Amino acid sequence: ADIEFRDPETLVPGTMRSIRSSLEVYNEEPITGAGTPESQTEIKRRVIDNFATQHRAVTKEDYEAMAYSMPNRFGVIKRCSVVRENDSVKRNLNMFIISQNSKGKLTTANTTLKNNLKRWINRNKMINDTVDILDAKVVNLQVKYTALSTPSIDRFALQNRANRLLTNYFKSSKMYIGEPFYLSNIYGILNNMPGIVDVEHVEIVNITDIGYSEISFDVPTNTSANGRYIIAPKNVIFEVKYPAIDIKGTIK
């Protein structure tokens with residue numbers, strides 16, 4: 001806290017110290033929109049999208065680039081996806097957004113951040129466009145796998161290495177709204193590990209326990225026919241929230 005007194009030379013030092021130490025702050029809403037360093041892929045994607053906008057929003061990509069370019073002092077959007085309503089007479093756009101907390105977990109953006117984003121978008125949107133800012137739904141997933149190891153190998157140590165590798169993968173890459181969850185990526189990571197002969201099975205489970213999102217999602221129904229990916233609705237973002245405990249493996 002930076003506290004200034006109008007004429008400190010005429011005041012009692014002990015009183016000024018007491019006033020400084022007595023400051024208390026209470027946030028009525030949880031802090032959302034915490035910024036974390038973007039990956040190289042995210043930076044490249046945002047630079048290209050922002051360059052194409054030329055400071056006006058026409059396409060859905062323009063609107064998404066505008067949301068990501070909002071100054072941090074107004075809040076930070078972690079993920080944004082714009083969907084045009086096909087049955088709308090007007091040019092109505094639904095902007096689904098999600099923020100993150102100070103621990104890097106996905107969380108709903110608060111009202112202040114949404115109002116700031118609305119004002120920011122209105123500066124450059126097309127006059128005939130109407131933009132509704134909506135919350136994306138977070139679906140938390142748990143990963144379970146079974147793999148075969150080479151003979152005479154420490155299966156416990158191999159399982160720990162596999163779990164750490166998958167944990168680092170999910171920690172370093174946040175998915176996008178509407179992006180499918182690819183089981184093939186998990187198969188690829190594990191099959192390329194020294195010591196693993198083959199991955200027998202990978203199962204994805206929706207988890208809604210305490211501390212997780214309350215959104216229920218039917219994983220089997222939304223799995224592709226070939227079993228390689230899970231389809232995400234346009235307003236849904238998948239998250240492995242706690243990779244250290246949400247990744248469960250068995251090495252045979």
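Details
- Top-ranked residue of region 202-242 - restricted to ones that are of a type outside the set (Val, Ile, Thr), part of a loop (DSSP other than H, G, I, E, B) and farther than 30 Å from Arg84 by Cα, ranked as most open to solvent (accessible area, probe 1.4 Å): Asp209
- Scanning region 109-155 for residues that are part of a helix (DSSP H, G or I) and either open to solvent by 40 Å² or more (accessible area, probe 1.4 Å) or at pLDDT 90 or above (or both) yields Thr111, Thr112, Leu113, Lys114, Asn115, Asn116, Leu117, Lys118, Arg119, Trp120, Asn122, Arg155.
- Subset of region 1-44 (residues that are modelled with pLDDT of 60 or more and among the polar types (S, T, N, Q)): Thr10, Thr15, Ser18, Ser21, Ser22, Asn27, Thr32, Ser39, Gln40, Thr41
- Residues of region 193-210 that turn out to be within 21 Å of the chain's Cα centre (by Cα) and without any contact (Cβ under 8 Å) to a residue 24 or more places away in the chain, as a count: 2
- Selection from region 130-161 of residues that are among the hydrophobic types (A, V, I, L, M, F, W, C) and farther than 20 Å from Leu183 by Cβ: Val131, Ile133, Leu134, Ala136, Ile153, Phe156, Ala157, Leu158
- Just one of the listed residues (Val139, Val131) is under 23 Å from Ser216 (Cα atoms) and under 23 Å from the mean Cα position of the chain (by Cα), namely Val139.
- Selected residue (criterion: farthest from Ile251 (Cα to Cα)) from residues of region 160-173 that are open to solvent by 50 Å² or more (accessible area, probe 1.4 Å) and not polar (S, T, N, Q): Lys171
- Residue match in region 243-252 (condition: modelled with pLDDT of 95 or more, among the small types (Gly, Ala, Ser) and not in a strand (DSSP E or B)): no
- Of all residues in region 156-175, none satisfies the criterion of being assigned to a loop (DSSP other than H, G, I, E, B) and farther than 20 Å from Lys103 by Cβ.
- Restricting region 45-79 to residues that are among the aliphatic types (A, V, I, L, M), in a helix (DSSP H, G or I) and modelled with pLDDT of 55 or more leaves a set whose member that is farthest from Ser173 (Cα to Cα) is Met66.
- Region 2-24: number of residues that are of a type outside the set (Phe, Trp, Tyr), in a loop (DSSP other than H, G, I, E, B) and in contact with a helix residue (DSSP H, G or I) (Cβ under 7 Å, 6 or more places away or on another chain): 1
- If you check Leu190, Leu158, Leu117, Leu148 for being under 20 Å from the mean Cα position of the chain (by Cα) and not charged (D, E, K, R), only one passes: Leu117.
The values are calculated or read from the model by the stated rules, or taken from the named source; none is laboratory data. In this text, all values refer to a predicted model and were calculated from it rather than measured experimentally. With ideal geometry, Cβ positions are generated from the backbone for all residues, glycine too; neighbour counts draw on all protein chains shown. Accessible surface areas use protein heavy atoms only, side chains included; no ligands, DNA or RNA. Shrake-Rupley method; radii C 1.70, N 1.55, O 1.52, S 1.80 Å.
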